[in-house]
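The values are calculated or read from the model by the stated rules, or taken from the named source; none is laboratory data. Small disclaimer: the values here were computed from a predicted structure and weren't measured. Here Cβ is always computed from backbone atoms with ideal geometry, including for glycine, and neighbour counts include all displayed protein chains. Calculation scope for accessible area: heavy atoms of the full protein, side chains included, ligands and nucleic acids excluded. Shrake-Rupley method; radii C 1.70, N 1.55, O 1.52, S 1.80 Å.
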Amino acid sequence: NLRLSYQISPSSKAHIGFAAKTSNDLLSENQSQENLQDYSSSFLTTGATFIKLQQNTLFPVKTFLNLEIGIGNRKTTSRKTKQITITNVVNHILTLNQKNSIYLQNTTNVITSDGYLTNELFRFGGINSMRGFSENNIDASLVSVLNTEYRYLLNQQTYLHSIIDIGYFENKSISQKEKLYSFGMGLGMTTKAGLLKFSIANGNIDGQAFKFSNSKIHLSLASQF
């Protein structure tokens with residue numbers, strides 16, 4: 001990835017860039033999926049980022065927006081295909097009072113193409129996308145996830161939060177469309193190593209019966225340096 005950015009204001013900037021990717025099918029012929037192939041792709045990209053900060057050690061970012069659009073081609077051994085990608089992340093904190101707040105985030109990724117390969121699709125699931133599901137275990141040509149948290153501040157270093165996530169995805173390579181839901185709770189705290197997050201969530205596909213065995217425990221540590 002190459003990117004050239006222009007600072008519009010202290011809180012916003014725009015960019016143009018170039019992105020290239022190569023993927024190889026390393027499975028044997030009898031293991032390989034029908035829509036898994038070697039390919040290379042290249043895109044011209046453009047986008048913008050907006051960040052609004054606040055005076056809060058645990059939650060320094062009040063509003064964040066990042067949008068990027070890519071136009072390019074995917075090449076396989078047999079054909080060249082035009083493609084468009086769109087990635088968007090927006091989140092915001094609604095402050096109710098000194099101890100209570102609501103966190104909202106939407107992540108949307110789309111790839112449009114005349115034909116899709118499994119190894120070029122977006123992968124999501126896990127603590128950074130759809131909680132209650134295994135990390136990067138779901139393939140999608142279109143995915144949109146809404147993450148919500150009600151946060152209660154125990155002290156200046158620790159908070160509890162609820163988890164309600166709603167997702168929708170399409171996998172056009174296998175004509176799949178699904179709605180996803182997850183519910184749970186979590187704990188976040190600042191440590192000497194960074195922000196430690198622990199959460200447990202139960203994820204389900206729309207129409208599927210609730211199973212406690214579907215619950216997942218997520219753990220992350222984010223350090224700034």
Worksheet entry | Extension gain, residue 168 back to residue 144 (0.36 nm per residue minus Cα-Cα distance, nm) | 8.1 nm
Worksheet item: Roughly how many percent of the accessible protein surface of the chain is carbon and sulfur, given a 1.4 Å probe and a whole-percent answer?
Response: 58 percent
Discussion item. I'd like to know which of 92, 70, 125 lies farthest towards the positive end of the charge dipole of the range 1-155, counting +1 on Cβ of Lys and Arg and -1 on Cβ of Asp and Glu.
Written reply: 92
Discussion item. With a cut-off of 8 Å between alpha carbons and a minimum separation of six or more residues, what is the relative contact order of the range 74-217 in percent?
Written reply: 18 percent
Discussion item. Cβ neighbours within 10 Å, averaged per peptide: list 113-120, 174-181, 189-196 in order, most packed at the top.
Written reply: 113-120, 174-181, 189-196
Item to complete: Sticking with the crude label model, points 7 Å out along Cα→Cβ, report the distance from residue 222 to residue 156 in nm, one decimal please.
Response: 2.1 nm
Worksheet item: Roughly speaking, what is the stretch gain from residue 12 to residue 175, that is 0.36 nm per residue apart minus the C-alpha to C-alpha distance, in nm to one decimal?
Response: 54.9 nm
Worksheet entry | the range 112-169 and the range 84-104: distance between their alpha carbon centers, rounded to Å | 14 Å
Discussion item. Given R₀ = 30 Å, what would the calculated FRET efficiency be for residue 104 paired with residue 35, taking r from the Cβ atoms and rounding to 0.05?
Written reply: 0.30
Worksheet, complete the sentence: Karplus ³J(HN,Hα) for the range 143-149 (6.51 cos²θ - 1.76 cosθ + 1.60, θ = phi - 60°; Hz, whole; x = Gly/Pro) runs 8, 9, 10, 10, 9, 10, 9
Worksheet item: Relative to a virtual label point 7 Å from the Cα of residue 112 in the Cα→beta-carbon direction, which members of the range 74-97 show backbone nitrogen distances below 17 Å?
Response: 74, 81-88
Worksheet entry | Amide N proximity, the range 153-170 versus residue 214 label position 7 Å along Cα-to-Cβ, cut-off under 12 Å | 167
Response to the item:
Expected sort for 57-66, 164-173 on mean C-beta neighbours within 10 Å, highest first, is 164-173, 57-66
Discussion item. Using each residue's phi in the range 219-225, evaluate 6.51 cos²θ - 1.76 cosθ + 1.60 at θ = phi - 60° and report the 3J(HN,Hα) Karplus result to the nearest Hz, with x for Gly and Pro.
Written reply: 9, 9, 9, 10, 10, 10, 8
Response to the item:
Computed from the beta carbon distance with a Förster radius of 25 Å, FRET efficiency for residue 137 and residue 94 to the nearest 0.05 stands at 0.25
